[in-house]
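These notes concern the structure reproduced below.
The values are calculated or read from the model by the stated rules, or taken from the named source; none is laboratory data. Just so you know, these numbers come straight off a predicted model, no measurement behind them. Methodologically, a virtual Cβ is constructed for each residue, glycine included, from the backbone with ideal geometry; neighbour enumeration extends over all protein chains shown. Keep in mind that these areas ignore ligands, DNA and RNA; they rest on the heavy atoms of the full protein, side chains included. Shrake-Rupley method; radii C 1.70, N 1.55, O 1.52, S 1.80 Å.
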Amino acid sequence: MDRLLIASVLPALAAVAAGAADSLIQVDRPRLVARADLVYDSPASRPEEGMPLGNGRMGSLVWTTPSALKLQINRVDVHAMDSTTTSFPRADSDYSSGCGFVDINLADAGEDVFTPTAFRQRLSLYDALMSVQGRGVTARALAWPDRDVMAFEIEDQRAQPAAVNIDLRMLRYQQQYHPRLTYKLAQDNTVMFRTAAHTATSRLGIFGGRITLTQEFREGSFHGASAVAIGVTGRPARARILNQSTVQLSAAPGKGRLLILIASAAAQDPAHNAAEQALAHLAAAEQRGFEGLRQAAAEWWRSFWSRAMVHLHSDSGQADFVEANYTYNLYLMGASSRGAYPPRFGGLLWFTDGDLSRWGSQYWWANTSAYYSNLMPANRLELIDPMFKLYGNMYEAAALAARQQWGAEGIWIPETTFFNGPERLPDDIAAELQDLMLVRKPFEQRSARFDWYANNKNRHNSRWNFRADGDWDHGYYIFKPKGTGIFGHTSHILGVASRVGNLAWQRYQFTGDQAWLREQAYPVLKGAAEFYRTFPNLKKAEDGLYHINHTNSGESAWNSRDAPYEVSCMHMIFPLAVSAAQVLGVDAGLRPLWQEVKQNLVPLPAGGGRCGTGSEIADNRPYGAFVYKGPGAIPPVGPEPELKARFLGFTRLGSFIDEEGIGGAKIFRNRLRLREGPGAIDAEHIAGLSSGIHTTLLNSRPELPSSAEPITIFDRWPKDWDAAFRLLARGGFIVSSAQKGGAIPLVEIVSPQGGTCRLANPWRRPVDLYRNGRKAESLRGETLAFPTAKGVTVVVVPAGSAPSPVKML
């Protein structure tokens, strides 16, 4: 995939976007982004309220106690087990991402440093720099985008400075008996934690004045590993093993500045040494120093913010509140979604509770897609690639699962899956599972061998989701079904591949990258279409229509006929597969077969079934009674109340998971939300908000199979909300416009590719076109179609007007 990115049009899109300073829509980018900064005048009330720092691959919330800065280092590519595991059958017992706890202790017997009366913490989003001020001590922190290092610069101006003790702690510690290994493990500063057939081995180390913590996970043929390495510059320091779970780096007391560098790495291949990688990152960062790292991070983030923007303002403050959350969502994605895998929805890169995470280690498509659906208009397509990598890398496993579990061709991507996709099943288990899943065999007639095989499979996994948590009987864990036969919440959701394929098609629509379409998107589109076409329970009935039986409609309506979710996904995927095949000139024999199913498919249910194409406005469900009323919340009032309610309603908390266990559902000052259970902090609410903003400010319908739909701007936008945007549209067009005082002064379009642009006329009266500052032509009509040339700026204004700068911020 990396080769394709380099060769694609992404650099051209970035270069065009970087010319935002020349745009007629004038918005001060540093000032815009700073409006979303986090500023605390009192310490975080709990770890989940810390400030997020990350480089897209590693990250942590940063919170304080009276005497210390606290972190949990997490990575998107740390997997403790895969789909072959039989050691974590209970829900929420599996885990991922966490690498180690880090405590930067700044006080011992002296006065506390971070107290409510002497405290200020700020996260500056424009350069991704966090600062914190306490009693006589200040700190600045960042995550280096180029390599996996976080840097903390501590400045001590106390009359009596204290030693700075950095503790690197294991996430799990328990003394267990391991025959013939107990003494050796202790001598090697190693703890092995066994769960059934799974082992998690944590090892403390000291290398040339630096400290390390490694983790190694094994079960059967599975191997995973991580490492954290910490070094100090600017002060003499001594490393020591503090106890069986902690290694410490102690920097001598002194006034002035101290640099603490925290590096991490991960490896799945046993031949790769994660500790060596982390130490290499550390050495590279030491050469830069804090100022060099700060400049590198600031440069990266300046480029990031130059790519696109959304500015909103209203006298009520509502629009400004929405804008800040939109900007913050982009920061979170830049800080957490640049690795080999996407961040998991429950926790992202912001875990603080060690291995504890409600919903475990697997990926739920419905939750993952909340972060990526309709993100592409933000013109940061690289943020979406981790999602494509996750599902693309499990293609072969998904193809095998389609055959083994469903007796179908193509691919089946489960709604809930481990990072490597479904495991290969023994032939007899696969045959019986297929009969059960397709309801060819009564669930009550399943074999004892089938129950034995399924007994220790993780019940959240879609393949085994007919299971509920079991009970211990005489030392044996005995699973219980949910009481609905072979059906569970996610067991019979079939449409994930079609939805991934839809986003892959959209990426092609935005870039025109045929290499991407051929090598990345089309295999998924074809696989999803072929799965549905050959699915045994999709049959043409006496009415001449294809009906689908025994599936779920999302997580509801189990064992349905013509489940709306599945029907809508089929209506979507067949035309997309046909269009992609036509563009590529392939599979001429399959196209009429797909068209025949589409033409004779049971009609879409009322309301369209919501397949999640990214064209919805935030959330179209009615708003419940649980509405956030904390700091910054603004009730939806004024003109256009329905649209505003949808935007401002993202602060509602909805239903809760273990409300008592999480201390009450809430949105913290860091704008992250806790409602899905302990350890499952998320940002889906502001991701959905961002999707809705894109849909209403600029909608180019990239999810459709054709390219004929015009670009629409300010669709139903509130007249009393001023707005300006620079966003990416289908065809690679960079579109800028503004609404000020209820009026739209101009639309500015830059094309890195050329091609015909179709724009829904926002004025519904004649317009003039200017190309590179010169009047070129006049147009009229509801849809304006005009050619563009590569690198040429086209400005559209009402007839008789002349383009002029529009100062917005």
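Close Cβ contacts (under 7 Å, 6 or more residues apart or on different chains) running from residues in region 783-796 that are farther than 16 Å from L24 by Cα and surrounded by fewer than 17 Cβ atoms within 10 Å (Cβ to Cβ) to residues that are at pLDDT 95 or above and small (G, A, S) comprise T783/A760. Among the residues of region 395-412, just one is assigned to a loop (DSSP other than H, G, I, E, B) and either under 18 Å from the mean Cα position of the chain (by Cα) or surrounded by fewer than 18 Cβ atoms within 10 Å (Cβ to Cβ) (or both), namely E409.
The residue list A118, A128 contains one member that is at pLDDT below 95 and not hydroxyl-bearing (S, T, Y), which is A118. I'd like the full set of residues that are of a type in the set (S, T, Y) and open to solvent by 10 Å² or more (accessible area, probe 1.4 Å), limited to region 703-751. Listed by number, the residues that qualify are S706, S707, T712.
Taking the criterion of being outside any helix (DSSP H, G or I) and among the aliphatic types (A, V, I, L, M), the residues of region 547-593 that qualify are I548, A557, A563, V586, A588, L590. For region 97-147, the tally of residues that are part of a loop (DSSP other than H, G, I, E, B), basic (K, R) and farther than 15 Å from L53 by Cα stands at 1. Pairs linking a residue in region 580-602 that is closer than 23 Å to K540 by Cβ to a residue that is part of a loop (DSSP other than H, G, I, E, B) and at pLDDT 95 or above, with Cβ atoms under 8 Å and 6 or more positions apart or on different chains, are A581/D587; A581/A588; A581/L590; N600/G544; N600/L545; L601/L545; V602/L545; V602/D562. For region 80-102, a tally of residues being within 26 Å of N670 (Cβ to Cβ), modelled with pLDDT of 95 or more and open to solvent by 10 Å² or more (accessible area, probe 1.4 Å) returns 3. Contact map, region 346-368: residues that are within 19 Å of D658 (Cα to Cα) paired with residues that are open to solvent by 10 Å² or more (accessible area, probe 1.4 Å) and not in a loop (DSSP other than H, G, I, E, B), Cβ distance under 6 Å, separation 6+ or inter-chain. Pairs shown: T352/P47; T352/E48; S361/S96. Looking at H198, is it closer than 25 Å to N243 by Cα, open to solvent by less than 30 Å² (accessible area, probe 1.4 Å) and modelled with pLDDT of 95 or more? Yes; evaluated as a whole, the condition is true for this residue.
Being surrounded by fewer than 21 Cβ atoms within 10 Å (Cβ to Cβ), touching a residue at least 12 places away in the same chain (Cβ under 8 Å) and among the aliphatic types (A, V, I, L, M) is the requirement here; does A118 meet it? Considered against the rule, which asks whether it is surrounded by fewer than 21 Cβ atoms within 10 Å (Cβ to Cβ), touching a residue at least 12 places away in the same chain (Cβ under 8 Å) and among the aliphatic types (A, V, I, L, M), A118 comes out as yes. Against the list (1) open to solvent by 50 Å² or more (accessible area, probe 1.4 Å); (2) touching a residue at least 40 places away in the same chain (Cβ under 8 Å); (3) more than 29 Å from the chain's Cα centre (by Cα), the condition Q514 fails is (3). N367 meets the conditions (1) touching a Gly at 6+ places or on another chain (Cβ under 6 Å); (2) open to solvent by 20 Å² or more (accessible area, probe 1.4 Å); (3) polar (S, T, N, Q) in every case but one. The failed one is (1). Looking across region 319-360 at every residue that is open to solvent by less than 10 Å² (accessible area, probe 1.4 Å) and within 21 Å of I493 (Cβ to Cβ), the one that is modelled with the highest pLDDT is identified as P342.
One line per residue, one yes/no per condition, for (1) closer than 28 Å to A580 by Cα; (2) part of a loop (DSSP other than H, G, I, E, B); (3) free of Cβ contacts under 8 Å to residues at least 40 places away in the same chain:
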position: I662; (1), (2), (3): no, yes, yes
position: A687; (1), (2), (3): no, no, no
position: S691; (1), (2), (3): yes, no, no
position: H694; (1), (2), (3): yes, no, no
position: D720; (1), (2), (3): no, yes, no
position: G731; (1), (2), (3): yes, yes, no
position: V735; (1), (2), (3): yes, no, yes
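Only one entry of P426, P481 meets the criterion of being open to solvent by 10 Å² or more (accessible area, probe 1.4 Å), without any contact (Cβ under 8 Å) to a residue 60 or more places away in the chain, under 30 Å from G224 (Cβ atoms) and out of contact with any Leu (no Cβ under 8 Å at 6 or more places or on another chain), and that entry is P426. If you check G317, G289 for being free of Cβ contacts under 8 Å to residues at least 60 places away in the same chain and at positive phi, only one passes: G289.
No other residue among L171, L204 is touching a Cys at 6+ places or on another chain (Cβ under 9 Å) and surrounded by 16 or more Cβ atoms within 10 Å (Cβ to Cβ) apart from L171. Against the test of being farther than 22 Å from E49 by Cβ, of a type in the set (A, V, I, L, M) and touching a helix residue (DSSP H, G or I) at 6+ places or on another chain (Cβ under 8 Å), the options A151, A159 yield a single qualifying residue, A151.
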